[in-house]
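S.K.: Handing you a structure now.
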Amino acid sequence: MSMPMSASSAGAAAAPVTGNAVAIKNFAFSPATLKVKAGTTVTWTNQDTDAHTVTSAGSGGPLHSAALAPHATYTYTFTKPGTFAYLCTIHPFMTATVEVT
């Protein structure tokens, strides 16, 4: 199942997006900023041909995926409010944030 992209979403890439899915494609997390409510389970799906990780930036963060092969997924349920920055440890230039309210 794929979700259709609206034409307006392409121009607003910097704006936070609500939902519960993050695509990993073209060596980037999309959306770069995801807003969710506490209790939401977010699923990351690797749509690239290279492996990627979903790993909290800094120490002590909750996100620690294994290397995700192409088409693999990783899920995490955010139980507390906060801003959770994360990156791919294989490609550290890939960064993103989940904002939990």
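The values are calculated or read from the model by the stated rules, or taken from the named source; none is laboratory data. Remember, it's a predicted structure, so these values are computed and weren't measured experimentally. Neighbour counts are summed over all protein chains in view; Cβ atoms, including those assigned to glycine, are modelled from backbone coordinates with ideal geometry. Please note that ligands, DNA and RNA were not included when accessible areas were found on the heavy atoms of the full protein model with its side chains. Shrake-Rupley method; radii C 1.70, N 1.55, O 1.52, S 1.80 Å.
S.K.: For region 22-50, give me the residue count where each residue is farther than 13 Å from H91 by Cα, surrounded by 15 or more Cβ atoms within 10 Å (Cβ to Cβ) and either among the small types (G, A, S) or at pLDDT below 95 (or both). It would help to see each step written out before you state the result.
M.R.: Of region 22-50, the ones farther than 13 Å from H91 by Cα are 22-23, 30-47, 49.
Imposing the further condition that a residue be surrounded by 15 or more Cβ atoms within 10 Å (Cβ to Cβ) reduces the set to 22-23, 30-36, 40, 42, 44-46.
If we keep only those that are either among the small types (G, A, S) or at pLDDT below 95 (or both) too, we end up with 23, 30, 32.
Qualifying residue count for the region: 3.
S.K.: A67 - would you say it is open to solvent by 50 Å² or more (accessible area, probe 1.4 Å) and farther than 21 Å from G19 by Cα? Spell out how you get there, then give the answer.
M.R.: On the way: open to solvent by 50 Å² or more (accessible area, probe 1.4 Å): yes; farther than 21 Å from G19 by Cα: yes.
Yes; evaluated as a whole, the condition is true for this residue.
S.K.: Next question, about the same structure. Of the residues T97, T83, which single one is touching a residue at least 60 places away in the same chain (Cβ under 8 Å), outside any loop (DSSP other than H, G, I, E, B) and not small (G, A, S)? Let's see the steps before the verdict.
M.R.: Values: T83 fails: touching a residue at least 60 places away in the same chain (Cβ under 8 Å).
On inspection, the qualifying residue turns out to be T97.
S.K.: Tally time: how many residues in region 78-96 are over 20 Å from N26 (Cβ atoms) and buried (at least 20 other Cβ atoms within 10 Å of the Cβ)?
M.R.: Here the count works out to 2.
S.K.: Taking M3 and the conditions (1) in contact with an Asp or Glu (Cβ under 6 Å, 6 or more places away or on another chain); (2) at pLDDT below 95, which numbered condition does it fall short on, given that it satisfies the others?
M.R.: (1)
S.K.: A follow-up question, please. If I filter region 51-64 for residues that are open to solvent by less than 20 Å² (accessible area, probe 1.4 Å) and without any contact (Cβ under 8 Å) to a residue 24 or more places away in the chain, do I get at least one hit?
M.R.: Yes.
S.K.: Do we find a residue being outside any loop (DSSP other than H, G, I, E, B), under 15 Å from A23 (Cβ atoms), in contact with a Gly (Cβ under 9 Å, 6 or more places away or on another chain) and not small (G, A, S) anywhere in region 36-49?
M.R.: As a first pass, look at region 36-49 and keep what is outside any loop (DSSP other than H, G, I, E, B): 36, 40-46.
After this cut, where a residue has to be under 15 Å from A23 (Cβ atoms) as well, the list is 42-46.
Narrowing further to those that are in contact with a Gly (Cβ under 9 Å, 6 or more places away or on another chain): 42.
Subsequent filtering for residues that are not small (G, A, S) retains 42.
Yes: region 36-49 contains one or more residues that are outside any loop (DSSP other than H, G, I, E, B), under 15 Å from A23 (Cβ atoms), in contact with a Gly (Cβ under 9 Å, 6 or more places away or on another chain) and not small (G, A, S).
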